[in-house]
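*Asks:* The structure under discussion is supplied below as structure tokens; questions concerning it will follow.
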Amino acid sequence: MEFSGDELAEREQRQEIANRIRSLREDNELSIQEMAWATGRSPEEYEARESGEADLTFTFLFKCARKLGVDITELMTGESPHIKWYSIVRAHEGMQIKRHSQFEYLHKAPFFKGRMCEPFLVDVPYDEKLQHEPIHLSYHAGQELDLVIKGHLRFQFEDHAEDVGPGDTLLYDSGRGHGIIAIDGEDAQIFAVVLPTEERDMDPDNKPIEGIR
């Protein structure tokens, strides 16, 4: 199978990130099982990601960073955040994370040290086949605020769905199942602010295990 230049670069970046995760796991003397548990994956699914064979979703990277005690920027770039007082990231700039169903995340403050939130500009491409499938749900402890910049989306929160458009704002408990898709035949874009708290333990289906804290 032949890959384009962009595809090869993305595969190389994925392998570099996977190598950092493995190295940090070993440095922290954590087992595959412990990391699988922390990321809500089976040991086999986790190993496929740590080896670079499987795609690395934003939620997976976010949970790895939390468990390993590092900033997500360090996982992505190998460089620790160092800006203390304020950060300006110009339009069209930021740390790119292209993961999960081709969503493209652009982190808008990757090198601000000690930040209490994770701000992203997220491009959500329209996909016709997703209009006829259940929306993929993600889980990460904390809250998330999403402001729709352009396009229209269907937001799924557990069993409830809402259609939203430009200027609409969503704030929700991100520890519960949530997901979005672009609708109406056009790409969409949101500004998302993730406000993390301590993770609850997850089962292999990536759902919170009730009663475990």
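*Asks:* Among (1) in contact with a strand residue (DSSP E or B) (Cβ under 9 Å, 6 or more places away or on another chain); (2) farther than 29 Å from Phe157 by Cα; (3) of a type in the set (A, V, I, L, M, F, W, C), which single condition is Ile88 missing?
*Replies:* All conditions are met except number (1).
*Asks:* Please work out if Tyr105 is part of a strand (DSSP E or B) and buried (at least 19 other Cβ atoms within 10 Å of the Cβ).
*Replies:* The answer is yes for Tyr105.
*Asks:* Going by the conditions given, is Glu128 at pLDDT 95 or above and within 21 Å of Arg25 (Cα to Cα)?
*Replies:* Considered against the rule, which asks whether it is at pLDDT 95 or above and within 21 Å of Arg25 (Cα to Cα), Glu128 comes out as no.
*Asks:* Just the residues that are in contact (Cβ under 8 Å) with a residue 24 or more places away in the chain and surrounded by fewer than 18 Cβ atoms within 10 Å (Cβ to Cβ), please, taken from region 155-170.
*Replies:* Ala161, Thr169
*Asks:* Collect the residues in region 108-129 that are surrounded by 13 or more Cβ atoms within 10 Å (Cβ to Cβ) and aliphatic (A, V, I, L, M), keeping them in residue-number order. Give the steps one after another, and end with the answer.
*Replies:* Looking only at region 108-129, we keep the residues that are surrounded by 13 or more Cβ atoms within 10 Å (Cβ to Cβ), and these are 108-113, 115, 117-127.
Residues satisfying the conditions are Ala109, Leu121, Val122, Val124.
*Asks:* Could you please give the count of residues in region 108-141 that are assigned to a loop (DSSP other than H, G, I, E, B), basic (Lys, Arg) and over 16 Å from the mean Cα position of the chain (by Cα)?
*Replies:* Number satisfying all stated conditions: 2.
*Asks:* Here's a check for you: in region 59-96, which residue that is within 23 Å of Glu10 (Cβ to Cβ) and in contact (Cβ under 8 Å) with a residue 60 or more places away in the chain is surrounded by the most Cβ atoms within 10 Å (Cβ to Cβ)?
*Replies:* Lys63
*Asks:* Can you name every residue in region 12-33 that is assigned to a helix (DSSP H, G or I), more than 16 Å from the chain's Cα centre (by Cα) and without any contact (Cβ under 8 Å) to a residue 24 or more places away in the chain?
*Replies:* If we filter region 12-33 for residues that are assigned to a helix (DSSP H, G or I), which is where we start, we get 12-27, 32-33.
Narrowing the set further to residues that are more than 16 Å from the chain's Cα centre (by Cα) leaves 12, 15-16, 19-20, 22-27, 32-33.
Of everything in region 12-33, those that are assigned to a helix (DSSP H, G or I), more than 16 Å from the chain's Cα centre (by Cα) and without any contact (Cβ under 8 Å) to a residue 24 or more places away in the chain turn out to be Glu12, Ser23, Glu26, Asp27, Ile32, Gln33.
*Asks:* Val124 versus (1) touching a Gly at 6+ places or on another chain (Cβ under 8 Å); (2) among the hydrophobic types (A, V, I, L, M, F, W, C); (3) closer than 20 Å to Asp187 by Cα; (4) not assigned by TED's automatic domain parsing to the domain that holds Asp146: which is the lone unmet condition?
*Replies:* Checking Val124 against (1) touching a Gly at 6+ places or on another chain (Cβ under 8 Å); (2) among the hydrophobic types (A, V, I, L, M, F, W, C); (3) closer than 20 Å to Asp187 by Cα; (4) not assigned by TED's automatic domain parsing to the domain that holds Asp146, the one that fails is (4).
*Asks:* Right, here's the next one. Residues Ile149, Ile181: which one is without any contact (Cβ under 8 Å) to a residue 60 or more places away in the chain, in contact with a helix residue (DSSP H, G or I) (Cβ under 7 Å, 6 or more places away or on another chain) and not assigned by TED's automatic domain parsing to the domain that holds Asp71?
*Replies:* Working: Ile149 fails: in contact with a helix residue (DSSP H, G or I) (Cβ under 7 Å, 6 or more places away or on another chain).
Selected residue: Ile181, the only one of Ile149, Ile181 that is without any contact (Cβ under 8 Å) to a residue 60 or more places away in the chain, in contact with a helix residue (DSSP H, G or I) (Cβ under 7 Å, 6 or more places away or on another chain) and not assigned by TED's automatic domain parsing to the domain that holds Asp71.
The values are calculated or read from the model by the stated rules, or taken from the named source; none is laboratory data. Since the structure is predicted, the reported quantities are computational estimates derived from the model, not experimental observations. Using ideal geometry, Cβ is built from the backbone for each residue, glycine included, and neighbour counts are taken over all protein chains shown.
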